[in-house]
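One structure is given below, encoded as structure tokens.
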Amino acid sequence: MTGPLPRDDTLYDPAFVAGLFDRCASNYRWWSAISSFGFTYIWRRQCVRLLPRPAPGAVIVDLMAGTGELWPHLLRHAPDLATITALDISHGMHLHAVDRLHGAYATRITHIEADALTTNLPEHHADLLTASFGLKTFSPEQQAILARQIARLLKPGGHFALIEASDPHGWALRPLYRAYIDRVLPLIERLFLRGAQDFTMLGPYTRNFRDCTHMAAALRAEGLTVTFHRHFFGCATSVSGHKPA
């Protein structure tokens with residue numbers, strides 16, 4: 001993406017989000033790892049550790065799955081799982097994820113190109129449900145829809161864990177964090193990724209999203225038990241919990 005950044009009312013349009021991640025797909029794995037100084041790997045691992053170890057034969061749903069960065073953590077956490085059903089709205093992310101499945105993951109994961117807000121996966125499908133670094137691309141209204149989907153997809157007694165990059169309000173070093181997100185990363189992207197401004201969207205998305213507080217409230221409104229977590233002074237936040245049996 002080049003030119004001026006989109007208006008806030010465009011940021012959450014599903015077609016815009018899909019196109020954004022289509023353009024990011026080929027660089028997503030290495031750029032997110034390097035630009036976060038490895039924290040995205042740590043935070044994904046911490047997210048999965050919020051889940052209980054499931055019984056053999058568990059079904060896991062991974063929403064906004066990207067190119068599958070969460071899967072190695074899930075497979076280590078639940079080695080006897082039946083399958084991971086992974087969804088992502090981006091065709092580019094889907095293609096890169098499927099390419100990754102040609103190795104050891106091929107028989108363990110089903111990857112579906114679909115919008116998490118409108119997926120027709122069956123009710124009570126998931127023993128565990130996860131999402132990493134996709135929540136910020138949803139408006140508050142869309143987060144409420146997503147919470148309804150999560151409540152629908154989880155089996156009674158099923159658990160969830162969701163994590164997202166956040167804006168660490170109250171942290172003394174927040175101005176440096178914002179300067180890195182809003183100015184340094186866009187400059188590096190323009191210099192080394194052929195003038196692109198796609199990863200630049202992390203700035204407005206995290207600023208608007210703030211943290212997982214609203215998502216936690218939306219999940220509670222659907223009858224789920226929810227615990228809110230802060231990671232590294234609030235640079236990421238997560239929510240975890242379960243659907244009452």
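Worth pointing out:
- In the range 16-38, the residues that are open to solvent by 60 Å² or more (accessible area, probe 1.4 Å) and within 15 Å of L202 (Cβ to Cβ): R23, I34, F37
- Candidate set: the range 171-191, residues that are among the basic types (K, R) and more than 24 Å from S238 (Cβ to Cβ); chosen: the one most open to solvent (accessible area, probe 1.4 Å): R183
- If only residues of the range 77-128 that are hydroxyl-bearing (S, T, Y) and assigned to a loop (DSSP other than H, G, I, E, B) are counted, the one that is surrounded by the most Cβ atoms within 10 Å (Cβ to Cβ) is S90.
Matching residues to (1) under 22 Å from M64 (Cα atoms); (2) among the small types (G, A, S):
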site	(1), (2)
F160	yes, no
R174	no, no
C212	yes, no
A218	yes, yes
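- Counted residues, the range 31-67 - those being more than 13 Å from the chain's Cα centre (by Cα) and of a type in the set (A, V, I, L, M): 9
Residues checked against (1) open to solvent by less than 50 Å² (accessible area, probe 1.4 Å); (2) modelled with pLDDT under 95; (3) of a type in the set (D, E):
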| site | (1), (2), (3) |
| --- | --- |
| K155 | no, no, no |
| H169 | no, no, no |
| L193 | yes, yes, no |
| T206 | yes, no, no |
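- Every condition in (1) hydrophobic (A, V, I, L, M, F, W, C); (2) crowded, with 16+ Cβ neighbours inside 10 Å; (3) in contact with a helix residue (DSSP H, G or I) (Cβ under 8 Å, 6 or more places away or on another chain) is met by V59 except one, and the failing one is (3).
The values are calculated or read from the model by the stated rules, or taken from the named source; none is laboratory data. All values reported here derive from a predicted model rather than from experimental measurement. Quick reminder, even Gly has a Cβ in these numbers, built from the backbone with ideal geometry, and neighbours come from all protein chains shown. Each accessible area value is taken on the protein alone, full model and side chains, heavy atoms only, with ligands, DNA and RNA left out. Shrake-Rupley method; radii C 1.70, N 1.55, O 1.52, S 1.80 Å.
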